[in-house]
1. Select from segment 115-145 the residues that are at pLDDT below 95 and not hydrophobic (A, V, I, L, M, F, W, C) and write down the one among them that is nearest to R177 (Cα to Cα).
2. Just to be sure I understand, how many residues within segment 201-221 are open to solvent by 10 Å² or more (accessible area, probe 1.4 Å), of a type in the set (A, V, I, L, M) and either within 20 Å of F164 (Cβ to Cβ) or modelled with pLDDT of 70 or more (or both)?
3. What is the number of the single condition among (1) in a helix (DSSP H, G or I); (2) more than 18 Å from V233 (Cβ to Cβ) that A146 does not meet?
4. Looking at G224, G198, G185, can you tell me which residue is modelled with pLDDT under 95 and either loosely packed, with under 15 Cβ neighbours inside 10 Å or in a helix (DSSP H, G or I) (or both)?
5. Take segment 61-76 and flag every residue that is in a loop (DSSP other than H, G, I, E, B) and of a type in the set (G, A, S).
6. Checking the condition of a type in the set (A, V, I, L, M), touching an Asp or Glu at 6+ places or on another chain (Cβ under 8 Å) and under 21 Å from A254 (Cβ atoms), which residue from A87, A171 passes?
Amino acid sequence: MDWPTGLHWRAEAAGEAMAGAAMRAAGLLRAAADVVMPPLALDATRRAGPMQSPGLTAASWAKLAFIEAPVCDGCGAPQVYDAGADARCPACLVRRRAFDRVRAAVAYDDASRDLILKLKRADRTDLAGLFSLWLSRAARDLIEDADAVIPVPLHPMRLITRRFNQAAEIARPLARRAGLAYLPGVLIRRRDTPSQGGRSASGRRRNMQAAFAVPRQAWPKVAGRRVLLVDDVLTTGATAEACARVLKAAGAQAVHVATVARVQEREAQPI
C-alpha cells in the first residue's frame, strides 16, 4: 500500500513524538524504581551476579562476537590484515555502493539475534539504549564525521502494528549522546515491502526499489549534511543502499551506516 507523501511525514512525526514521550515517561519510572530496587541485567529474570557490560550478564556478554578492527572501510566487514584506515575489501573495490561507509557492533549470530528480536518483536525497548552504547563505540569514527542521525523508517502500517520503530529507538539516544541533530521523518517508507527473509542479494535490491523517499519539504534538512543512517541489522546492504540513494538525491553530502549487527558472508539467517 502506497501512502501520500504528506501523510507519511505526519504519521512518522506523530509516531516519533508519541514514542519519545513514552520513552521519557518509562525512563522516569525506571529511575524511581531503581532507587528502591536495583535493576536486574536486561537478559536475566533473577539476580545473576555482576553485569559485564551495561545491562548484560557475564554469560550473555561472553557469547557476543563484537566486531573489532581491522574492518573494510566501505562495508564494515572484518578483515584478516590491517591494510590502512581507508582500505576497502575486494567486493567494495569491484562494486561501488550508494552509501559511503558502514560500521557494525557485533556479528549477527544466535546470541545477537536473540537480543535484537527481543527488541524488535517482544517490546523490549529497554535494550535500545544498550545497543546505542555499542554503536557509540563501534561507529565512533562515523559519528565524528556526521552532522545528523536518521533511522531507517518503518511503513506507517508496520509502525501501527509494532507501535515503535526499533531503528528509531536506537538512533534517538545515539544522536543525543553524540550531540548530533536527530532527523526522524525526513526519510519515509513509501511501500510496505514484503519481508527480505529468504531473498537473494538481487532479490533484496528489487524488493527495495522505490520503497523510500525524502519529501520535498524535508530536502533543506538533508542538503549538504553528512548523515549517519541507523538500523538494527545489515545483511546484503540493500535497504541501506535504497535509503542512501534517496538521501543523496535530496542533497546529502555523505551517507554512513551504523547497525547493531552485521550478517557475515555465507551466514545469512532469517531476521
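1. G129
2. Selection size over segment 201-221: 3.
3. Among (1) in a helix (DSSP H, G or I); (2) more than 18 Å from V233 (Cβ to Cβ), A146 violates only (1).
4. After applying the criteria, what remains is G198.
5. A65, A69, G74, G76
6. A87
The values are calculated or read from the model by the stated rules, or taken from the named source; none is laboratory data. Keep in mind that what you see is a predicted model, and the values were worked out from it rather than measured. When we count neighbours, we look across all protein chains shown, and the Cβ atoms used for this are built from the backbone with ideal geometry, even at glycine. In case anyone asks, the SASA skips ligands and DNA or RNA and just uses the protein heavy atoms, side chains included. Shrake-Rupley method; radii C 1.70, N 1.55, O 1.52, S 1.80 Å.
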